[in-house]
Structure formats: structure tokens, C-alpha cells
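Student: Questions regarding the structure given below will be posed in turn.
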Amino acid sequence: MLSRILNVYYKIKYLYFTDRRINIDKSAFIHHGATFIIRDNSQASIEIASGVYIGRYANIHTNSKIVIGENSVLSDYVFLSTLAHGMAPSAGPILSQKDIDKGEIVLKDNVFLGFGAKVLPGVVLGSWTIVGTGAVVTKSFPDGFVMIAGNPARIIKHYNKNTGEWVAP
């Protein structure tokens, strides 16, 4: 019962007291401590589809767009960001420089991000992409039942529909 009350509380917190550019389906579950940040761009948005689970202390930051597809799971401490700090020595201290958006992030349906996984700007993860714990995803992967891991992430297994098993490439 308490978890249902907390779930409603966090949805209300994000839906009504934060930026309206964050769209969360009513069936999504957001655990405590998740952070959603949209910078200056009025066209920027974060879209969270139905059946999504977002774990504790997830960080989702953009100044363009982040889309999380249906039934996707983001484990605790995941990081998705399209932003980078300005780092020009001639422009003053790093924290006083404008953020730079490096490109949208799209997680299609049924994507799983393991504990502490990081997804960097410009990445599209196809349906049924499984991302290992602590992986750093620097490039896109197509639909097709793949498991990726490492830094930078690479395909470590494919799902064989005939045998019903994950197999090394």
C-alpha cells in the first residue's frame, strides 16, 4: 500500500510541480530520487511511455529530446544525458559556460538498462536491447534482441529465437 502511495506522490510531484515538457504515462513507475532536467530550449522534452520502470536515483537530462519506449526498464543509478558542459578556456569557468546539446536519445520498446548504465547523446537503442551493468553506450544499436556491455558498449550476445537462448556472436 505504501509503495502505491509513494508512486502516486512521485507522479504528482513530476507531473504538476515540474516542467510540463516532461510527459510521463500514467502507468509508468518512477522510484524515489530520480532527477529530470530540461535546460533552456522550449522545444525540449522527455517522453516516458506506458509500462516504463525508472529506478532509484536515475538521472535524465536534456536540452533536445529523450524518449523512453514502452515497457522499458531503467535500473538504479542510470544516466541519460544529451548535454555537455562548455569547456572553452577563453569562455571563463566551466560551470559558467552554457550547456551544449549533443543530440537526442531514443530508447525504443522493451529496452533494459542495467545498474549504473550510461547512455550518451545521439544514441538510439532498438527494441529489446539489453544493456549490461555499468555499460557506457556511445553509439546506436538497431532493433533485434541484442545484449550489449562494456565501455564503450558492444554487442556481446544475440537472442536466438529458434533455441530461445542468448548466444555469443
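Student: Out of Ser81, Ser127, Ser72, report the one residue that is open to solvent by less than 40 Å² (accessible area, probe 1.4 Å), more than 11 Å from the chain's Cα centre (by Cα) and modelled with pLDDT of 95 or more.
Tutor: Within the list Ser81, Ser127, Ser72, the selection yields Ser127.
Student: Here's a follow-up. Restricting attention to the range 110-124, report how many residues are open to solvent by 50 Å² or more (accessible area, probe 1.4 Å) and under 27 Å from Arg39 (Cβ atoms).
Tutor: Counting residues in the range 110-124 that are open to solvent by 50 Å² or more (accessible area, probe 1.4 Å) and under 27 Å from Arg39 (Cβ atoms) gives 4.
Student: Kindly provide the set of residues from the range 125-169 that are among the charged types (D, E, K, R) and within 18 Å of Glu70 (Cα to Cα), ordered by number. Can you show your working first?
Tutor: Let us first name the residues in the range 125-169 that are among the charged types (D, E, K, R), namely 139, 143, 154, 157, 161, 165.
Asp143 - this is the single residue of the range 125-169 that is among the charged types (D, E, K, R) and within 18 Å of Glu70 (Cα to Cα).
Student: Something else about it: Evaluate the range 86-97: report whether one residue or more is loosely packed, with under 13 Cβ neighbours inside 10 Å, touching a strand residue (DSSP E or B) at 6+ places or on another chain (Cβ under 8 Å) and either of a type in the set (Asp, Glu) or over 16 Å from Ser72 (Cβ atoms) (or both).
Tutor: yes
Student: If Lys26 meets every condition in (1) of a type outside the set (A, V, I, L, M); (2) in contact with a helix residue (DSSP H, G or I) (Cβ under 9 Å, 6 or more places away or on another chain); (3) open to solvent by less than 40 Å² (accessible area, probe 1.4 Å) apart from one, which number is that one?
Tutor: The failed condition is (3).
Student: Where in the range 28-138 are the strands (runs of 3 or more DSSP E), entirely inside, with at least 2 residues that are touching a residue at least 60 places away in the same chain (Cβ under 8 Å)? Explain how you work it out, then say what you get.
Tutor: On the way: elements: 35-38, 45-48, 59-62, 65-68, 79-81, 83-85, 99-101, 105-107, 129-131.
Strands (runs of 3 or more DSSP E) meeting the threshold: 99-101.
Student: How many residues are assigned to a loop (DSSP other than H, G, I, E, B), in contact with a strand residue (DSSP E or B) (Cβ under 9 Å, 6 or more places away or on another chain) and open to solvent by 40 Å² or more (accessible area, probe 1.4 Å) if we restrict to the range 139-169?
Tutor: Going through the range 139-169, the residues assigned to a loop (DSSP other than H, G, I, E, B) turn out to be 139-140, 142-145, 151-152, 161-164, 168-169.
The next check asks that each one be in contact with a strand residue (DSSP E or B) (Cβ under 9 Å, 6 or more places away or on another chain); those that pass are 139-140, 142-145, 151-152, 168-169.
Subset that is open to solvent by 40 Å² or more (accessible area, probe 1.4 Å): 139-140, 142-143, 145, 151-152, 168-169.
Going through the range 139-169 one residue at a time, the tally reaches 9.
The values are calculated or read from the model by the stated rules, or taken from the named source; none is laboratory data. It should be emphasised that the depicted structure is a prediction, and the values quoted were computed from it without experimental measurement. Reconstructed Cβ throughout: ideal geometry from the backbone, glycine too, with neighbour counts over all protein chains shown. Accessible surface areas use protein heavy atoms only, side chains included; no ligands, DNA or RNA. Shrake-Rupley method; radii C 1.70, N 1.55, O 1.52, S 1.80 Å.
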